[in-house]
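Since the structure comes first, as structure tokens, the remarks are kept for the end.
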Amino acid sequence: AQSVTQPDIHITVSEGASLELRCNYSYGATPYLFWYVQSPGQGLQLLLKYFSGDTLVQGIKGFEAEFKRSQSSFNLRKPSVHWSDAAEYFCAVGLPGGYNKLIFGAGTRLAVHP
Amino acid sequence: SQTIHQWPATLVQPVGSPLSLECTVEGTSNPNLYWYRQAAGRGLQLLFYSVGIGQISSEVPQNLSASRPQDRQFILSSKKLLLSDSGFYLCAWTAGGSSYNEQFFGPGTRLTVL
């Protein structure tokens, strides 16, 4: 069965430090991959997506992610974290075959120290 | 541009009472619509999706039901709420059709069942 694993439940970084959030998926074919961000009490905002092509994708707010087929990973990175990046981050896999359904990871909560 | 609305934003209901949550989308036609539930500290679970008026697919058997009376309106209902129905409910939409498209989320409804 398809699944998405985000191994880190909580991550704390200092402002200005680099960030990498891990995401691993289980899926038989090349999936559609997404990262969303959720501020407390809010809906989800799409940060970036990978459908095909260049495996390094750029998103909003200075985030990027790299698709590595050999590792079944789609890790999210940012070179310098800002205090406003504190939020919860969700990795998701889109299932082809119609209906645009998504499977989400459990999320990683990011705290940023000043 | 497209926007998605959900109401109410928060709701506190007693066990055994009925529920109706509404989601509407503006600026697009024939979207695919989705209801998710997010329990505290957990990821998003897809509850229902719809690819057209009156077409509802359920992902998880439960105490809830969904309806789509109009093209851009999606309603989540229950006849009798359970304590376990508490959570954050998110509606999402995506463009219909054969191509894969990302989902866009509404602001959510916080439901507390007492």
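Select from the stretch A:48-60 the residues that are among the hydrophobic types (A, V, I, L, M, F, W, C) and assigned to a strand (DSSP E or B) and write down the one among them that is farthest from the other protein chains (Cβ to nearest Cβ). Give the derivation first.
Pass one, the stretch A:48-60, residues among the hydrophobic types (A, V, I, L, M, F, W, C): A:48, A:51, A:56-57, A:60.
Checking the rest, the ones that are also assigned to a strand (DSSP E or B) come to A:48, A:56-57.
On the way: A:48: 10, A:56: 18, A:57: 12 Å.
Taking the candidates together, the pick is A:56.
Count of the stretch B:33-87 residues, restricted to those that are in a loop (DSSP other than H, G, I, E, B) and either of a type outside the set (A, V, I, L, M, F, W, C) or free of Cβ contacts under 8 Å to residues at least 40 places away in the same chain (or both), is 15. Against the condition surrounded by fewer than 19 Cβ atoms within 10 Å (Cβ to Cβ), at pLDDT 95 or above and within 13 Å of the chain's Cα centre (by Cα), how does residue A:88 come out, does it pass? Answer is no for this residue. When residues in the stretch B:58-114 are screened for being among the basic types (Lys, Arg) and farther than 25 Å from residue B:30 by Cα, 3 of them pass. Would you pick out the residues in the stretch A:78-114 that are away from chain B (no Cβ under 11 Å), hydrophobic (A, V, I, L, M, F, W, C) and assigned to a strand (DSSP E or B)? Listed by number, the residues that qualify are A:87, A:93, A:110, A:111, A:112. Are any of the residues in the stretch B:70-89 at pLDDT below 95, of a type in the set (Gly, Ala, Ser) and under 15 Å from the mean Cα position of the chain (by Cα)? Yes; the residues of the stretch B:70-89 include at least one that is at pLDDT below 95, of a type in the set (Gly, Ala, Ser) and under 15 Å from the mean Cα position of the chain (by Cα). Restricting attention to the stretch B:93-114, the residues that are facing another protein chain (nearest Cβ under 8 Å) and not in a loop (DSSP other than H, G, I, E, B) total 4. In a residue-by-residue description of the stretch A:61-77, the property of being under 13 Å from the mean Cα position of the chain (by Cα), within 22 Å of residue A:3 (Cα to Cα), within 13 Å of chain B (Cβ to nearest Cβ) and in contact (Cβ under 8 Å) with a residue 24 or more places away in the chain applies to no position.
If the condition is being over 19 Å from residue B:1 (Cβ atoms) and of a type in the set (Asp, Glu), then the stretch B:83-114 contributes only B:85.
The values are calculated or read from the model by the stated rules, or taken from the named source; none is laboratory data. In this text, all values refer to a predicted model and were calculated from it rather than measured experimentally. Glycine also receives a Cβ, built like all others from the backbone with ideal geometry; neighbour counts cover every protein chain displayed.
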